[in-house]
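The values are calculated or read from the model by the stated rules, or taken from the named source; none is laboratory data. Remember, predicted model here, so these are calculated numbers, not experimental data. Reconstructed Cβ throughout: ideal geometry from the backbone, glycine too, with neighbour counts over all protein chains shown. Note: areas computed on protein heavy atoms with side chains; ligands, DNA, RNA excluded. Shrake-Rupley method; radii C 1.70, N 1.55, O 1.52, S 1.80 Å.
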Amino acid sequence: MRRLLTLLTAFLLLAVVTAHGQRTAIVPQPVSLTEKPGEFTLTQRTTISAPADLARYAEYLRDRIDAATGWQLAVSKSNAKADIRLSVDSAKVGRAEGYTLDVTPTTVTITGADAGGLYYGIQTLLQLFPEQIYADAPQRGVKWTAPCVSIFDAPERPWRGMMLDVARYFHDVDYVKHFIDMMAMYKLNKLQFHLIDDSGWRLESKRYPRLTEVGAYAGPEHNKLGGFYTQDDIREILDYASLRNVEVIPEIEFPAHILSAVVAYPWLSCTGLQHELPRQHFISRDLICVGKDSSIKFLTDILEETMELFPSKYINIGGDEAVYSRWEECADCQALMKREGLSKVSELQGWLTDSVARMMARHDRTVIGWEEIITRGDVSTPVVALIWHNVDDSTLVAPGGHKAILTPATHMYLDFPESSTPGEIKAAGWMPPISLERAYSMPVNDYSDSSSVIGVMGCLWSDQFIHGTVLQELPHLNENRSEKYIDYLTFPRLLAVSEVAWGREKDRDYADFVSRVGQHYARINRKGAGYRVPEPVVTSIDTLADGRLAFTLAPSVPGSQIRYTTDGTYPTVHSALYDGKPVIADSRTDFHAITVVNPKQVSLPVYYAPDYSAYEKYGKLTAEWAPLQVQPKQAPWRIDATGKISGNGTYEIAFVPLKGASPLQLGDLRLMKRDEQLDLASGKHTLKAGDAPAVYTVKVDSFEAGTPFTVVVDQYGPSGNDSHGLIFIRRLP
């Protein structure tokens, strides 16, 4: 009921927008916005002015307007007679990256506290114009107006970022620039560039060329997967990001997640053994050998080369998910522990982190890493920890004088799907889905100069591309599935990241946010990006006298259609068209409705899961079985348990028979992590409708986040396949 009221409020706000025409739907929400009578009209005689040192911002705005209108507007250095006036005045604006924007019927004046603030003022101005302003071809018949407003705006936090994983799956320069452009549109200013991981080394090194010659490609010669950025590519990306106020922070991952370097140079590891680059995601146990001088020299050389290329004052060293079995067995690492007086092998990581942080400090750089860099041994040099488990873990940084960036998997990992609706896109499943509302609800300390939390970051991991073949591309067909996939996961949730990072938590209003986001779907499309189309809004469900239900709906995307079914099947673009009148269905589970933006752009359906609350004591619903799943003779049955296996521990897997005339015979059960058998539960069960569940117990002691888990059980129907039931998994306390 509470969620229904929230959606209803959002719908009512959206209805107000539709009824009264254009509204200022700015994302992120400005600090203050005053609407005034009148509007500014853009014409081909409009002029833009900016001082010489800000000319590239005037040219950026001119080029954007030219692309959408076909008008070549004049640009000058004098503000005296210009219609759009750009300037920087830190004293007037007062807050870093802030700006003022004043739109009158005759002039537009944008004043930034700095160049970044000026750029953000331009982005807000573009959001005031019709969505066609983002088009890359001249649009006809558009009234190019912006409402008169007075805006003051500035970010609450200095760090507002996104992490893009190009190591697990390579994205080319054009897509990286597209991603930066979309970040900047919504005033995000830090791109963490995840360049290194077990499955790929993406950064050209002049000193160690085999890193990309060998470490950038996986698979056989005829079907190589991968790629890398030349140093010239990086310079092109950095130049593109600079204008857009985006700082690019390279991530050079160690001591774990560095198998790609070990494949290229086996002497970097403790064993010196030759490995192959993986095509399937896993976390390698091979760390860089911290006890060898040659390995430390390699890290120093790579980090120095990286600093020469990237101007960012931050360098990310990763540091997460290290398993120390190799260090425990390595004579060189054990000798280093003895020399340094370390009692636990995990303290070697702290020693390495502190050594690197001191070296970085001499270059006026600051180390960033995942939160493990401050929990694995002593680190006396101030660093910045990416808090990725829980928001409350940010308290870990204060005792050591460190800083924190909030990027918890519970709210900010955009590689999780938005919903659990059957048919949702293949995505990470080791935690529950993250809806737009959940991302928007992330708690965050309001920023102050004394705060240990300096900002917020969303993460987009690409390991799903190498869990199987579903998302792997065929380059010979010039496919771009990866780009569409990332866009789908990114939008509209990036807008939630933007607003959470930009403003104060106490000023958030989800219903108002949803109403503004509704005005941005067309803008996202015009910018050349895709997005996850939201389901229609169910504004009310009324029970009729005969027990049937009446559903009333509203569009979630302005101008879209709603198509529906009432027989339990999923709608298509050819299903019944919603006409505003209540739709009658026998039950919630019989009713489905989709948003249709166009025939190629539709949502998943409004979906009401069956009520299985009577079985909640058995854990999380994992799968169902019906006659088509039952074999005539004994055969293995594979059940996806990713997401239901959520950490190390003991789990019960329950098979609950519901109905059917035929018994189901179950045999031994195996729990698989990828292709590795973790545990075997022997058993023999005959399940009939009404019987007690068959329960198996398995143990997990080597959980890896982002890794697929599968239950494999032998089953068959000895006298037929008329059997139906449910499968649940629960983790024991």
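Details
- The set of residues from the stretch 329-342 being touching a helix residue (DSSP H, G or I) at 6+ places or on another chain (Cβ under 8 Å) and over 22 Å from Trp267 (Cα atoms) comprises Glu340, Leu342.
- Residues of the stretch 63-79 that turn out to be hydrophobic (A, V, I, L, M, F, W, C), buried (at least 17 other Cβ atoms within 10 Å of the Cβ) and assigned to a helix (DSSP H, G or I), as a count: 2
- Unique match (being free of Cβ contacts under 8 Å to residues at least 24 places away in the same chain and over 30 Å from Ser199 (Cβ atoms)) among Ser719, Ser682: Ser682
- Residue count for the stretch 155-178, restricted to those that are closer than 22 Å to Gln29 by Cα and either buried (at least 24 other Cβ atoms within 10 Å of the Cβ) or not acidic (Asp, Glu) (or both): 7
- Across the stretch 394-418, the qualifying residues are those that are crowded, with 20+ Cβ neighbours inside 10 Å and polar (S, T, N, Q), and the one among them that is farthest from Ser603 (Cα to Cα) is Ser394.
- Qualifying residue in the stretch 278-296 (condition: open to solvent by 10 Å² or more (accessible area, probe 1.4 Å), part of a helix (DSSP H, G or I) and out of contact with any Phe, Trp or Tyr (no Cβ under 7 Å at 6 or more places or on another chain)): yes
- Qualifying residue in the stretch 360-370 (condition: within 18 Å of Ser295 (Cα to Cα) and in contact with a strand residue (DSSP E or B) (Cβ under 8 Å, 6 or more places away or on another chain)): yes
- Residue match in the stretch 458-477 (condition: hydroxyl-bearing (Ser, Thr, Tyr) and modelled with pLDDT under 95): yes
- Only listed residue being of a type in the set (Phe, Trp, Tyr) and over 23 Å from the mean Cα position of the chain (by Cα), chosen from Phe170, Phe152, Phe179: Phe152
- Qualifying positions in the stretch 695-708 - in contact with a Gly (Cβ under 7 Å, 6 or more places away or on another chain) and over 21 Å from Gly429 (Cα atoms): Tyr696
- Breaking point among (1) touching a His at 6+ places or on another chain (Cβ under 9 Å); (2) open to solvent by 20 Å² or more (accessible area, probe 1.4 Å), for Trp625: (2)
- Only residues that are in contact (Cβ under 8 Å) with a residue 60 or more places away in the chain, surrounded by fewer than 17 Cβ atoms within 10 Å (Cβ to Cβ) and more than 14 Å from Leu73 (Cβ to Cβ) were counted in the stretch 40-59, giving 1.
- In the stretch 247-262 there is at least one residue matching the filter, namely being closer than 27 Å to His476 by Cβ and not in a loop (DSSP other than H, G, I, E, B).
- Condition met for Val698 (touching a Phe, Trp or Tyr at 6+ places or on another chain (Cβ under 6 Å), assigned to a strand (DSSP E or B), within 30 Å of Asp415 (Cα to Cα) and open to solvent by less than 30 Å² (accessible area, probe 1.4 Å)): yes
- Residues being in contact with a strand residue (DSSP E or B) (Cβ under 6 Å, 6 or more places away or on another chain) and open to solvent by less than 40 Å² (accessible area, probe 1.4 Å) - total across the stretch 575-610: 12
- Condition check for Ile368: open to solvent by less than 10 Å² (accessible area, probe 1.4 Å) and in contact with a helix residue (DSSP H, G or I) (Cβ under 8 Å, 6 or more places away or on another chain): no
- Between Val557, Val517, the distinction of being in contact with a Gly (Cβ under 7 Å, 6 or more places away or on another chain), closer than 20 Å to Ser435 by Cβ, modelled with pLDDT of 95 or more and open to solvent by less than 30 Å² (accessible area, probe 1.4 Å) belongs to Val557 only.
- Flag if Ile302 is surrounded by 18 or more Cβ atoms within 10 Å (Cβ to Cβ), assigned to a helix (DSSP H, G or I), aliphatic (A, V, I, L, M) and out of contact with any Asp or Glu (no Cβ under 7 Å at 6 or more places or on another chain): yes
- Per this entry, Leu671 is not counted among residues that are at pLDDT 95 or above, open to solvent by less than 40 Å² (accessible area, probe 1.4 Å), among the hydrophobic types (A, V, I, L, M, F, W, C) and touching a His at 6+ places or on another chain (Cβ under 8 Å).
- Flag for Leu195 being modelled with pLDDT of 95 or more and in contact with a helix residue (DSSP H, G or I) (Cβ under 7 Å, 6 or more places away or on another chain): no
A quick yes/no check of all residues on (1) free of Cβ contacts under 8 Å to residues at least 60 places away in the same chain; (2) in contact with a Phe, Trp or Tyr (Cβ under 9 Å, 6 or more places away or on another chain):
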| site | (1), (2) |
| --- | --- |
| Lys143 | no, no |
| Arg160 | no, yes |
| Leu164 | no, yes |
| Ala167 | no, yes |
| Phe170 | yes, yes |
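- Within the stretch 628-654, the set of residues being touching a Pro at 6+ places or on another chain (Cβ under 8 Å), open to solvent by less than 40 Å² (accessible area, probe 1.4 Å) and part of a strand (DSSP E or B) comprises Thr642, Ala654.
- Of all residue pairs spaced 6 or more apart or on separate chains, those with beta-carbon atoms under 7 Å, a first member in the stretch 88-112 that is at pLDDT 95 or above and a second member that is open to solvent by 70 Å² or more (accessible area, probe 1.4 Å) are Pro105/Glu39; Thr111/Lys92.
Results for (1) open to solvent by 30 Å² or more (accessible area, probe 1.4 Å); (2) over 30 Å from Ser312 (Cβ atoms); (3) modelled with pLDDT under 95, shown as yes or no for each residue.
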position: Ala331; (1), (2), (3): yes, yes, no
position: Met337; (1), (2), (3): no, yes, no
position: Gly341; (1), (2), (3): yes, yes, no
position: Leu348; (1), (2), (3): no, no, no
position: Trp351; (1), (2), (3): yes, no, no
position: Asp354; (1), (2), (3): no, no, no
position: Ala357; (1), (2), (3): no, no, no
position: Ala361; (1), (2), (3): yes, no, no
position: Asp364; (1), (2), (3): yes, no, no
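- Note on the stretch 675-690: residues that are under 26 Å from Pro708 (Cα atoms), open to solvent by less than 50 Å² (accessible area, probe 1.4 Å) and of a type outside the set (Asp, Glu) total 3.
- Phe193 meets the conditions (1) under 30 Å from Gly94 (Cα atoms); (2) of a type outside the set (D, E, K, R); (3) assigned to a strand (DSSP E or B) in every case but one. The failed one is (1).
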